Amino acid sequence: MRINDPKLLGPLAELGIELRPAAKLSELTSLGIGGTTDLLRITKHETIPELLQLLDANHIAHKFLGGGSNLLVDDGELPWVVLQLVPPEPDVVLEGNLAHVDAAADLGRTVTFCAKHDLGGMEGLIGVPGTVGGALRMNAGAYGMQIGTYVREVKLYRAATRKIETFRGHQISFEYRHTSFATDDMMLAVILELPSKPYNEILKGIRICNEKRRSSQPLGQKSAGCIFKNPPGASAGRMIDELGLKGLSFGDARVSDRHANFFVNTGHASAKDMLALIADVRERVQEAYGVMLENEVVVWNG
Ligand code: EPU
């Protein structure tokens, strides 16, 4: 979708929004898949309510993009524009055991920055790609920890009220890869309360998690992490592996040979290829185990 009406371009510039025309989503997602649309980059949180009013008034649909690391975007010309936050400088500010983090901050760099200041707890998240906002929205976790545990406060734009709102940690429910945020809430900032721990000790934990991840996940390849959530008490990766589906392909979309719950783009996979692979694997698992796997990856196709 293109924004070229001068009636809109002027107000966007006044709000300090940077318009990147015809952005390729394949270049903004870790899967390397996705069509083209205009990208609106937001520098000031407080401009968001006005920006969205402007888009709504002009019947322009939108979606919020974080780090693009858990996302499968449709092919071709997309029927909505994409909004993305530009991280401020600095994007993490520490105050005792509290870390004030912008949602656009890179998750890995945030974990490392906090670690260097003797704040731990998030070692397991070190290799998880994406932004802090993305991690928050779906309660990212690994190696026995999840980000929700450390959330003291969240600032978000709530589409339902058209306002920027602040929630205390106890007002939000954080479950396995699921939160009580609405799907159209846009994460803006978070305050994390992290346990004090000496840097050397945190570093040991980080190294162990990194090693585990390197040995079990296809880190050098284009992927969106795990495609399916684990069903209660089971591992989607193990189930897919047991069915002998590693290497199964549709075009350049392929079940990883290293971890069967990672589907990789080995070249120029389309969303159509990846969606066909997801549907096929889901069906085979359903037939063999009677379990309907639920997507962990977020799909934007429509
Ligand atoms: N397994 C296989 N074959 C495979 C993959 C896994 O047999 O191809 C077996 C492993 O040997 C192990 C079990 O399945 O016994 C579980 O595997 P793993 O430790 O890799 O964990 P997982 O349940 O597949 C989850 C998260 C990962 C997270 C790891 C480490 C989900 C869907 N996945 O994977 O998160 O990194 O644990 O904590 O919850 C993600 O969210 O995108 C993600 C990658």
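Each Cα pair of the stretch 136-188 feeds into the Kirkwood radius, which the Stokes-Einstein equation turns, at 4 °C and 1.567 mPa s, into a diffusion coefficient of 114 µm²/s. Straightening the chain between A288 and T43 buys 83.3 nm, computed as 0.36 nm per residue apart minus the Cα-Cα spacing.
Set the Förster radius R0 to 30 Å, insert the Cβ-Cβ distance between K212 and D5 as r into 1/(1 + (r/R0)^6), and round the FRET efficiency to 0.05. Provide the component values of the computation, followed by the final result.
On the way: r = 51 Å, r/R0 = 1.71.
Plugging the Cβ-Cβ distance into 1/(1 + (r/R0)^6) gives 0.05.
If you take every DSSP beta bridge whose two residues both sit in the stretch 58-102, what share of them, in percent to the nearest 5, is antiparallel? Please list the in-between numbers first.
Numbers: 4 of 8 bridges.
The antiparallel fraction comes to roughly 50 percent.
Annotation: Cα Rg of the chain relative to the compact-globule expectation 2.2 N^0.38 Å equals 1.02.
When the Gaussian network model of the chain links Cα atoms closer than 10 Å, the mean-square fluctuations of L277, L136, L243 top out at L243. Taking N261, N210, N200 in turn, the Gaussian network model of the chain (Cα-Cα springs below 10 Å) assigns the largest fluctuation to N200. The stretch 14-40 and the stretch 196-236 have Cα centres spaced 28 Å apart. When only the Cβ of Lys, Arg, Asp and Glu is charged (+1, +1, -1, -1), the dipole of the stretch 92-215 relative to its Cα centre reaches about 220 debye.
How many percent of all Cα-Cα pairs in the stretch 92-215 sit more than 26 Å apart?
Working: 1275 of 7626 pairs.
Counting every Cα pair in the stretch 92-215, those more than 26 Å apart make up 17 percent.
Out of all DSSP beta bridges with both ends in the chain, state the antiparallel percent to the nearest 5.
Close to 75 percent.
My understanding is that a pair violates if its Cα-Cα distance is over 22 Å; which of K116/K204; K44/K163; K246/K272; K116/K155; K24/K163 do that in this structure?
K116/K155; K24/K163
Here r is the Cβ-Cβ distance between E193 and L219 and R0 is 35 Å; the resulting FRET efficiency, rounded to 0.05, is 0.70. For the stretch 98-173, the set of trypsin sites (Lys or Arg not before Pro) satisfying both a DSSP loop assignment and a count of at most 14 other C-beta atoms within 10 Å is given as R162.
Which of rounded, prolate, oblate describes the stretch 218-300, given a ≥ b ≥ c as roots of the alpha-carbon gyration tensor eigenvalues and a/c under 1.5 marking rounded, otherwise prolate only if a/b is larger than b/c? Display every interim value, and only then the final one.
On the way: a/c = 1.57, a/b = 1.48, b/c = 1.06.
Judged from the Cα gyration tensor, the stretch 218-300 comes out prolate (a/c at least 1.5, a/b above b/c).
Applying both filters, DSSP loop and at most 13 other Cβ atoms within 10 Å, to the GluC sites (Glu not before Pro) of the stretch 261-302 gives E294.
Using Cβ point charges alone (K and R +1, D and E -1), the dipole size of the stretch 46-125 about the Cα centre works out to roughly 160 debye. Here the stretch 67-91 is scanned for amide nitrogen atoms under 14 Å from the site 7 Å beyond the Cα of N58 along Cα-to-Cβ, giving 80-83.
Values in this text are rule-based calculations from the coordinates and carry no lab data. These figures come from a predicted structure and were not determined experimentally. Cβ sites come from the backbone with ideal geometry, for glycine too, and all protein chains shown count toward neighbours.
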